[in-house]
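The structure appears right after this line, and notes come after that.
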Amino acid sequence: MPKEIYYGDYLQLDKILGAQQPESALNDNEAHDEMLFIIVHQAYELWFKQMAHEMGSVINILNQPEVNDNSPDIFTVVHRLKRIASIWELAIHQIDVIETMTPLDFLDFRDYLRPASGFQSFQFKSLEAMMGLKYDDRHGKAFYQQHLRPEHAELIAKIEEQPSLIELLNKWLERMPFFNADYWQNDPENSLSKVAEHPFWLEYIKAYKSTLGEHDQSGMDSFMNSMISDKPTGRLSNKANRSALFIMLYRDYPLLQIPFQLLDTLIEIDDLMAAWRTRHISMVRRMIGGRAGTGGSAGAEYLRESRDKHLIFSEIATLNSFLIQRTQVPVLPAELQAKLGFNA
């Protein structure tokens with residue numbers, strides 16, 4: 001029999017409930033709303049920890065030597081990514097709570113926070129690194145070096161050295177066998193120099209080109225650069241992009257429903273993180289207007305630049321611009337249709 005345990009002991013409430021120490025109270029000038037400010041941000045850090053826990057498990061699954069697509073692994077990946085998305089939705093709504101504090105309420109204790117800043121959340125930056133954001137791609141790198149403790153910067157750097165979610169996604173997509181010679185006649189082995197000669201892509205390029213209007217012709221160049229060219233420019237290889245587009249096009253086949261949910265959930269996470277940053281920008285403007293942040297950043301302007309530059313999975317969303325109507329989608333060979341069906 002397991003030992004009896006008390007609710008408060010199990011949750012270690014003595015530590016949690018004793019972790020709120022308003023600086024204003026320590027300075028004999030207690031500001032009522034500082035307690036709210038502390039608790040909201042502590043809650044954020046707990047959710048960051050949970051999301052990193054989920055993200056770590058997803059990375060471990062995809063980092064296996066071989067991911068068995070016929071096992072529960074990919075379903076587990078999708079399930080945990082959806083949980084992360086749900087947490088981000090909660091994080092956005094949490095801003096509603098902190099916005100019950102007025103600008104004057106915030107000014108009652110804001111000066112006591114300097115030079116602390118939400119920028120110093122090493123857990124959030126660790127989460128970004130796990131997803132695939134590299135130091136060289138971060139906005140405000142000089143600020144990054146100045147304001148993070150060395151041990152936290154080192155921790156994030158070590159995470160960046162490990163396979164990230166976007167890198168493992170690329171590897172997983174590249175191994176998709178949809179264009180193999182097993183399913184297509186006259187397939188020139190799908191070498192990068194001959195992708196455009198593959199029966200599927202010959203038909204698809206023609207169909208896609210027919211959908212472009214007079215003002216959309218640049219879309220053809222974008223399509224060729226992202227899908228056919230041998231010089232990829234993004235985090236995903238062109239081979240991975242081709243597999244991802246195939247999954248989007250044929251998502252109604254049973255075998256592709258879970259892979260499609262995986263891609264769609266990653267886009268959703270990107271969107272939710274951007275929405276959270278957008279709400280944060282609005283809140284900062286409301287609270288401090290055009291002032292600098294407590295840590296010395298440009299305040300709302302810094303947050304806006306981070307929102308626009310720190311998207312991880314935007315390349316997947318961009319593939320939607322290469323979709324065509326269902327009536328124009330190439331008919332797959334019978335053997336490949338059977339592979340994608342319930343009797344695969």
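The values are calculated or read from the model by the stated rules, or taken from the named source; none is laboratory data. Small disclaimer: the values here were computed from a predicted structure and weren't measured. Here Cβ is always computed from backbone atoms with ideal geometry, including for glycine, and neighbour counts include all displayed protein chains.
The figures follow:
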{"item": "In the range 79-110, residue nearest to the chain's Cα centre (by Cα) [restricted to those that are among the polar types (S, T, N, Q) and farther than 30 Å from LEU262 by Cβ]", "result": "THR100"}
{"item": "Wholly within the range 30-141, helices (runs of 4 or more DSSP H) carrying at least 2 residues that are within 21 Å of THR265 (Cβ to Cβ) and free of Cβ contacts under 8 Å to residues at least 60 places away in the same chain", "result": "34-62, 73-98"}
{"item": "Those residues of the range 242-255 which are assigned to a helix (DSSP H, G or I) and surrounded by fewer than 19 Cβ atoms within 10 Å (Cβ to Cβ), in sequence order", "result": "MET248, PRO254, LEU255"}
{"item": "Index of the failed condition, MET287 passing every other in (1) touching a Pro at 6+ places or on another chain (Cβ under 6 Å); (2) at pLDDT 90 or above; (3) not basic (Lys, Arg)", "result": "(2)"}
{"item": "Condition check for ILE16: within 21 Å of the chain's Cα centre (by Cα) and among the hydrophobic types (A, V, I, L, M, F, W, C)", "result": "no"}
{"item": "Pair list, Cβ under 6 Å, 6 or more apart: the range 166-181 residue farther than 19 Å from ILE267 by Cβ, other residue outside any helix (DSSP H, G or I) and of a type in the set (S, T, N, Q)", "result": "PHE179/ASN190"}
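Matching residues to (1) in a helix (DSSP H, G or I); (2) surrounded by 18 or more Cβ atoms within 10 Å (Cβ to Cβ):
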| position | (1), (2) |
| --- | --- |
| TYR208 | yes, yes |
| GLU214 | no, no |
| ASP221 | yes, no |
| ALA240 | yes, yes |
